[in-house]
Structures are given as C-alpha cells and as structure tokens.
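J.: Below is one structure. I have some questions about it.
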Amino acid sequence: MTILRSSFIEGEVIENKTWTERLYSLRIRVELMPFKAGQFVRLQLPVGGEVVTKSYSLINAPDEPDLEVFFNTVPNGRLSNALAALRGGDRIEVSQPAQGFFVLDEIPETRHLWMFATGTGLGPYISILKTADVWKRFEKVVLVHGVPLMKELAYADLIGTWQQKYPDQFRFVSCVTREQNSAGLHGRMTDLFVNDVLEKQIGLEISKDNSHVMLCGNHNMIKDMKALLAERGMSRHLRHKPGQVTTEQYY
Ligand SMILES: Cc1cc2nc3c(=O)[nH]c(=O)nc-3n(C[C@H](O)[C@H](O)[C@H](O)COP(=O)(O)OP(=O)(O)OC[C@H]3O[C@@H](n4cnc5c(N)ncnc54)[C@H](O)[C@@H]3O)c2cc1C
Ligand SMILES: NC(=O)c1ccc[n+]([C@@H]2O[C@H](COP(=O)([O-])OP(=O)(O)OC[C@H]3O[C@@H](n4cnc5c(N)ncnc54)[C@H](OP(=O)(O)O)[C@@H]3O)[C@@H](O)[C@H]2O)c1
C-alpha cells in the first residue's frame, strides 16, 4: 500500500462569505488533487508569529473547481478567527491530498442513509449531497441539522433545491435549540429522537436492518447519539467489524 504524505500548496482566497457574526464560508482557488466527498483538508496560516494548522471539511463536490469550507469562529480560537479575517486575494496554505474516511465508499450497503450534523458539521454532507452517488445508492436520504439559532441554518437554499428535486427520496429537518423554529423542530436532536418526535416528523424509523447513520460535529452529540443508537442494537461501523454508525468528530 502506498502511503501518501500530505504537503501544503498555496491557494488564493476568492470569497469569504459571512452568514452570521460567527459563521463563514471560505472559497479558495487551488490546484486540488482528486478527493472524495466527505473528506477534509488542513488549512494553515501564520498567526502571531507561529504557523497554525487545523482541519476543515470540504463543502465543494469533487468536480467543482474551487475549494470551499464552512466554519465557525471559536472565542479566542487562533485559526478560526484568522480565517474569518481573510479577504479576496489573500493567500492561504492547503494540505494535499484531502484525507479522511467519512465518505460513501466506507458506508456499507443499506436502504436508508441518515446524516446528523451539529453546526458546521453540516459541511461534509453538503459535498456528499452534491454527488450523483448518494442519490443512486440509497432509497431514502435524511439530513438532520442542529443549530442554536435559526439564522445559523446555513445552506438552506441549496438544501431546498434537493428537497424539490428528490421529494420522495430526500427528507430534511432542522433542530433549533435556543429559539422557536418556524422551519422545523425545536430542541436538541437527541431529545427529539428519544421523545419520538424526530422520526415522526421525518416519517421513517431508524432501524438496524435498513439504516446507516452518519454523525458529524460536536463530540457530545456524537457520544449521546451513539448511546441512543446502541439501544437499538446499532454499533460503530469498522471495516473489519461491520456496524451501522459512522462518525466524524470536529472537537
Ligand atoms: C476532521 C476535522 C474536520 C473539521 N472540520 C471543520 C469544519 O469543516 N468546520 C469547522 O468550523 N471546524 C472544523 N473542525 C474544527 C477545526 O479543525 C478547528 O478545531 C476549529 O476551527 C477551532 O480552531 P481554532 O484554532 O480557532 O481554535 P483553538 O485555538 O484550537 O481552540 C480550540 C477550542 O475551541 C473548541 N472548538 C474547536 N472547534 C470548535 C467548533 N467547531 N465549534 C466550537 N468550539 C470549537 C475546542 O473545544 C477548544 O476548546 C474540524 C476538525 C476535525 C478534526
Ligand atoms: N456567540 C454566539 O453568537 C454564539 C451562538 C451560539 C452558540 N455559542 C456558543 O458557542 C459554543 C459552540 O456552539 P456551536 O453552535 O458552535 O456548537 P455546538 O455546541 O456543537 O452546538 C450546535 C448545536 O448542537 C447542539 N448540541 C450540543 N450538544 C449536543 C448534544 N449532546 N446532543 C445534541 N445536540 C447537541 C447545540 O444545542 P444547545 O444550544 O442546547 O447547546 C446546538 O444546537 C457553545 O458554547 C455556545 O454556547 C455562541
């Protein structure tokens, strides 16, 4: 097996879109090597005299020319705040090739794919949903996005285009925790799952026999959802020990 070591190449910032005071999408022009939807790159910048490097999932589909990442600033976070300050024409270093196993190739055959995200954990699903593969492989595709405030429901327009294009195949629900949600459900996805509200809203049940669940974002959500899914007999999927749950932890 060949092990590819990543190296950094320079890219140019094309756009830094501000969604809210702490949510951004950065578009970077760079000679990107082929990657799989769901993978991440490392971005690096000099911050306070030191080079800081962190991982970010790619939002763009593999066939789109520019790299895109969706991120939130963290209070006193070194790289996230430096990324938020970038403007068109600025330079940034990007690791090559993209890496990670949060990709459809690693998901075993199943009928229903459930994708749960908190906050910017939505990112890899946007890339995956942009590919033809996901619509060919799964009978039902469900996306659940949890955020504190309605204004943090980024990429809603794009998600809406998939709802229109695949009305029987695709289901989306937002879970907003810190205010009422006119677009979906109010509360944490874990509580809504336990209280039987989430699956009723979607009109499908998560079952060991026909579903695979992807979890991305906050480690507490991942830990709690894994425990709830274990009660249904669902376990972490490993190549040598097949299961029904695949995770990507951001922090
Ligand atoms: C595989 C992988 C993919 C990732 N993809 C993304 C992505 O697409 N978008 C994204 O925004 N982040 C992503 N992250 C997190 C990202 O790499 C950084 O950790 C994050 O931007 C904070 O970096 P910083 O230098 O600003 O913070 P630091 O100075 O390193 O401070 C870290 C502190 O912030 C907290 N923290 C870290 N990340 C977050 C977060 N997202 N929200 C709230 N608190 C956080 C940590 O618990 C810690 O207390 C990913 C992480 C991994 C491991
Ligand atoms: N400055 C701001 O404008 C602002 C805005 C929002 C958040 N924050 C703060 O920033 C920090 C990070 O927030 P974030 O939104 O980036 O990421 P986050 O903590 O991952 O929260 C994202 C969403 O996931 C939910 N969540 C958290 N833990 C969960 C769990 N165990 N199970 C199910 N859902 C869970 C959150 O609900 P809860 O809301 O119930 O936690 C929220 O709706 C938090 O400390 C938050 O207080 C700041």
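J.: In region 112-148, which residue that is outside any helix (DSSP H, G or I) and either polar (S, T, N, Q) or not assigned by TED's automatic domain parsing to the domain that holds Ser174 (or both) is nearest to ligand 2 (Cβ to nearest atom)?
T.: The residue in question is Thr118.
J.: When you go through (1) within 20 Å of Gly119 (Cα to Cα); (2) of a type outside the set (Asp, Glu); (3) without any contact (Cβ under 8 Å) to a residue 60 or more places away in the chain one by one for Arg29, which number turns out not to apply?
T.: (1)
J.: Please tell me if Ala98 is farther than 19 Å from Leu228 by Cα, surrounded by 19 or more Cβ atoms within 10 Å (Cβ to Cβ), touching a Ser or Thr at 6+ places or on another chain (Cβ under 9 Å) and not β-branched (Val, Ile, Thr).
T.: yes
J.: Also, I was wondering about something else. Out of Ile222, Ile202, Ile206, I need the residue that is of a type in the set (A, V, I, L, M, F, W, C) and under 17 Å from the mean Cα position of the chain (by Cα). Which one?
T.: The unique qualifying residue is Ile222.
J.: Restricting the search to region 226-251, which residues are away from ligand 2 (no atom under 16 Å from the Cβ) and more than 19 Å from the chain's Cα centre (by Cα)? Walk me through how you get there before you give the answer.
T.: Of region 226-251, the ones away from ligand 2 (no atom under 16 Å from the Cβ) are 232-244, 246.
Within region 226-251, Arg232, Gly233, Met234, Ser235, Leu238, Arg239, His240, Lys241, Pro242, Gly243 qualify.
J.: Do we find a residue being in a loop (DSSP other than H, G, I, E, B) and either more than 16 Å from ligand 1 (Cβ to nearest atom) or at pLDDT 95 or above (or both) anywhere in region 216-226? Give the derivation first.
T.: Kept after step one, since they are in a loop (DSSP other than H, G, I, E, B), are these residues of region 216-226: 218.
Now drop any that are not either more than 16 Å from ligand 1 (Cβ to nearest atom) or at pLDDT 95 or above (or both), which leaves 218.
Yes, region 216-226 has at least one match.
J.: Just one of Val52, Val41 is part of a strand (DSSP E or B) and free of Cβ contacts under 8 Å to residues at least 40 places away in the same chain; which is it?
T.: Answer to the selection: Val52.
J.: Now a separate question. Looking only at residues in region 199-226 that are out of contact with any Ser or Thr (no Cβ under 9 Å at 6 or more places or on another chain) and aliphatic (A, V, I, L, M), which one is nearest to Thr73 (Cα to Cα)?
T.: So the residue we want is Ile202.
J.: On the given criteria, is Ser174 surrounded by 17 or more Cβ atoms within 10 Å (Cβ to Cβ) and under 17 Å from the mean Cα position of the chain (by Cα)?
T.: yes
J.: Output the qualifying pairs, or none if there are none: Cβ atoms under 9 angstrom, residues six or more apart or on different chains, first residue in region 59-73 and without any contact (Cβ under 8 Å) to a residue 24 or more places away in the chain, second residue more than 8 Å from ligand 1 (Cβ to nearest atom).
T.: Cβ pairs passing all conditions: Asp63/Lys130; Asp63/Thr131.
J.: So which residues in region 195-227 are over 20 Å from Val103 (Cβ atoms), among the aliphatic types (A, V, I, L, M) and surrounded by 15 or more Cβ atoms within 10 Å (Cβ to Cβ)? Give the steps one after another, and end with the answer.
T.: Of the residues in region 195-227, the ones over 20 Å from Val103 (Cβ atoms) are 195-210, 218-221, 223-224, 227.
Imposing the further condition that a residue be among the aliphatic types (A, V, I, L, M) reduces the set to 197-198, 202, 204, 206, 221, 227.
Val197, Leu198, Ile202, Leu204, Ile206, Met221 - these are the residues of region 195-227 that are over 20 Å from Val103 (Cβ atoms), among the aliphatic types (A, V, I, L, M) and surrounded by 15 or more Cβ atoms within 10 Å (Cβ to Cβ).
The values are calculated or read from the model by the stated rules, or taken from the named source; none is laboratory data. What you see is a predicted model; the values in this text were computed from it and never measured. Note that each Cβ is placed from the backbone with ideal geometry, even for glycine, and that neighbours are counted across all protein chains shown.
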